[in-house]
Amino acid sequence: MRNKTIVEEKAIFEYGVGRGAVQHTTVGDIDDTYLRHDIEGMTDPGEPEVVRHFTRLSTMNHSLDVGMYPLGSCTMKYNPKVMESAAGEKSFSSVHPAAPQSMTQGVLELMYGVEQYLKTMTGMHSFSLQPAAGAHGELAGMLIAAKYHRANKTGRHTILVPDTAHGTNPASAAMAGFRVVNIPSGRHGMIEADTLKKIIDGETAGIMLTVPNTLGIFEEQIVAIAGLVHDAGGVVYVDGANFNALLGKARYGDMGVDIVHLNLHKTFATPHGTGGPGAGAIGVSSALREFLPVPVVEKRGHKIVMNYGLKNTIGRMTGFYGNIGILIRAYTYMRMLGVRGAGQVAAIATLNANYLRSLLKDRYNLPYATPTLHEVVFDDTLQNAFGVKTIDIAKRLIDYGFHPPTIYFPLIVHGAIMIEPTETESKDEIDRFVAAMRAIADEAQSMPQTVIGAPQSAPVARVNEVKAAREPVLVYRPQEGPRR
Ligand SMILES: *Cc1c(COP(=O)(O)O)cnc(C)c1O
């Protein structure tokens, strides 16, 4: 078990005044007229106290720089530090977003490069880099589908969404004005063309498939499914947020997909960080190019231009050019990997997940026997016999120095434990994680109270998540005293 330093939970405002040491951050020779005096009860911690305070705080959280972060579906892989220095490069970070295009050719060329790479890897005809997150890309895709049906006066209003789709998919379809129809997956954890045949009708505007789906399983019948949807006059949307598993191996464009979004902040560096910043690039077939959100980058002669004039565009999804910082990281990553290196990402991500699966499947129940790609979903059936649940297993992992996996998702698996090791973890780190999971399975049996009471070593034990979401305290008020 790794040691955690337990420090007193204290806000920087709660340090005392006049601490008796030389204060490097005190006001010195600054003229009194420039100083604020109106912060009542404000303390004056010195530089060493501030540095130690924030350094200690930084160790209270788990991060990728500390260890594996197997949060399923989020692709929390290690990202080389060079991406951060590229994004921080002054020539990028100091460009004003409203600067004329003649002065932003470097940024535009980078965006053009990102688009070319994505086209090569996905087989799609064109991309827009506007959306600022995965779910934002889904919304863009659904708005494109809606506008396509309006432009063609088809009068279709329903989108089919499998029970194995990502949770944001039905919400995105509904926000774009569609009625959502749920499609049940079969016992192998994938959508079957025969099931679809019974559901598709004259109202069907399209399907929204997550590929690989949230069980980490590839939709093997996707070509037949796309054919059925097309024959019925619908469009095929794919949520490609977890493109890691297919990168350099398979292309959505070759499977009959009309619209796809990718999470550049998962597959192409920048970890997925609850709400952003992200980049949900959206790709379409040639027939849908004119519907893309604007601006899109285009090459005219030697110049790269921003085109705002697509005929049927759904408009803007965000300000200016999108989340440029994420695009810079993605481009750096793409150039490091190249087109040939990309296949290794998919191969090792899949190998790692299957290695882990093979070492845990005798201790944790596997609800689906179908081979998986980049992630694997277990459940807590075997531990339930001892009163131990998924949440307990997840919290106990914190004591072993690991971030918990994604839990209770996908919803079709009761007590789901969704593990994605990613391609950047070594065999050693995966072995350590497996040893921790196996030890927890032992504990669940021999001393279930230890698991149920976990975490034992974290600075904060179990928080009331409902209360935190419903009544968030976002402002520090000194008169209320220290938070406990
Ligand atoms: C992460 C993810 C999303 C949502 O991406 P955000 O950037 O969090 O909005 C959508 N679909 C799948 C399959 C994902 O894994």
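Would you be able to say whether some residue in the stretch 282-303 is within 16 Å of the ligand (Cβ to nearest atom) and hydrophobic (A, V, I, L, M, F, W, C)? Give the steps one after another, and end with the answer.
Looking only at the stretch 282-303, we keep the residues that are within 16 Å of the ligand (Cβ to nearest atom), and these are 282-283, 293.
Retained after the next criterion (residues that are hydrophobic (A, V, I, L, M, F, W, C)): 282.
Yes: the stretch 282-303 contains one or more residues that are within 16 Å of the ligand (Cβ to nearest atom) and hydrophobic (A, V, I, L, M, F, W, C).
Name the one entry in 182, 152 that is farther than 29 Å from residue 72 by Cα and free of Cβ contacts under 8 Å to residues at least 60 places away in the same chain.
Details: 182 fails: farther than 29 Å from residue 72 by Cα.
So the residue among 182, 152 that is farther than 29 Å from residue 72 by Cα and free of Cβ contacts under 8 Å to residues at least 60 places away in the same chain is 152.
With a requirement of 2 or more residues that are among the acidic types (Asp, Glu), the helices (runs of 4 or more DSSP H) lying completely within the stretch 355-464 that satisfy it span 390-399, 427-446.
Among the residues making up the stretch 205-223, a single one is among the polar types (S, T, N, Q) and over 16 Å from residue 169 (Cα atoms): 221. Restricting attention to the stretch 378-416, the residues that are in contact (Cβ under 8 Å) with a residue 60 or more places away in the chain and β-branched (Val, Ile, Thr) total 5.
Any residue at all in the stretch 370-386 that's of a type in the set (D, E, K, R), touching a Ser or Thr at 6+ places or on another chain (Cβ under 6 Å) and either under 30 Å from residue 111 (Cβ atoms) or surrounded by 18 or more Cβ atoms within 10 Å (Cβ to Cβ) (or both)?
Of all residues in the stretch 370-386, those of a type in the set (D, E, K, R) come to 375, 379-380.
Of the ones still in play, those that are also touching a Ser or Thr at 6+ places or on another chain (Cβ under 6 Å) are 380.
Subset that is either under 30 Å from residue 111 (Cβ atoms) or surrounded by 18 or more Cβ atoms within 10 Å (Cβ to Cβ) (or both): 380.
The answer is yes, given that some residue of the stretch 370-386 is of a type in the set (D, E, K, R), touching a Ser or Thr at 6+ places or on another chain (Cβ under 6 Å) and either under 30 Å from residue 111 (Cβ atoms) or surrounded by 18 or more Cβ atoms within 10 Å (Cβ to Cβ) (or both).
Residue 117 meets all of the listed conditions (1) hydroxyl-bearing (Ser, Thr, Tyr); (2) at positive phi; (3) part of a helix (DSSP H, G or I) but one, namely (2).
From the list 455, 421, which residue is crowded, with 17+ Cβ neighbours inside 10 Å, within 21 Å of residue 373 (Cβ to Cβ) and touching a helix residue (DSSP H, G or I) at 6+ places or on another chain (Cβ under 8 Å)?
Numbers: 455 fails: within 21 Å of residue 373 (Cβ to Cβ).
Answer to the check: 421.
Listed by first and then second residue, the pairs with beta-carbon distance under 9 Å, at least 6 apart or on different chains, first residue in the stretch 60-76 and within 22 Å of residue 217 (Cα to Cα), second assigned to a loop (DSSP other than H, G, I, E, B) and of a type in the set (Phe, Trp, Tyr), are 69/78; 69/402; 70/402; 72/409; 73/409; 76/69. Scanning the stretch 40-96 for residues that are surrounded by 14 or more Cβ atoms within 10 Å (Cβ to Cβ), small (Gly, Ala, Ser), farther than 19 Å from residue 397 by Cβ and under 22 Å from the mean Cα position of the chain (by Cα) gives 86, 87. Only a single criterion out of (1) within 14 Å of the ligand (Cβ to nearest atom); (2) buried (at least 22 other Cβ atoms within 10 Å of the Cβ) is not satisfied by residue 218, namely (2).
Here's a check for you: in the stretch 132-170, which residue that is polar (S, T, N, Q) and away from the ligand (no atom under 16 Å from the Cβ) is nearest to residue 289 (Cα to Cα)?
Here the answer is 152.
For the stretch 70-93: of the residues being within 16 Å of the ligand (Cβ to nearest atom) and in a loop (DSSP other than H, G, I, E, B), which is nearest to residue 404 (Cα to Cα)?
Kept after step one, since they are within 16 Å of the ligand (Cβ to nearest atom), are these residues of the stretch 70-93: 70-77, 79.
Then drop every residue that is not in a loop (DSSP other than H, G, I, E, B), which leaves 70, 72-77, 79.
Values: 70: 7, 72: 9, 73: 13, 74: 12, 75: 13, 76: 12, 77: 14, 79: 19 Å.
Here the residue is 70.
Let's see how each residue does on (1) under 24 Å from residue 97 (Cβ atoms); (2) out of contact with any helix residue (DSSP H, G or I) (no Cβ under 6 Å at 6 or more places or on another chain):
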residue	(1), (2)
256	no, no
260	no, no
264	yes, no
272	no, no
281	yes, no
297	yes, no
308	yes, yes
314	yes, no
319	yes, yes
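None of 360, 351, 397, 373 is touching a Pro at 6+ places or on another chain (Cβ under 6 Å) and over 28 Å from residue 460 (Cα atoms) except 373. Entry remark, the stretch 181-202: residues being more than 19 Å from residue 212 (Cβ to Cβ) and either within 15 Å of the ligand (Cβ to nearest atom) or among the small types (Gly, Ala, Ser) (or both) number 1 in total.
Every number here is computed from the coordinates shown, using simple stated rules; none is lab data. Computed from a prediction, not measured in an experiment: that's the story for all the values here. Neighbour counts are summed over all protein chains in view; Cβ atoms, including those assigned to glycine, are modelled from backbone coordinates with ideal geometry.
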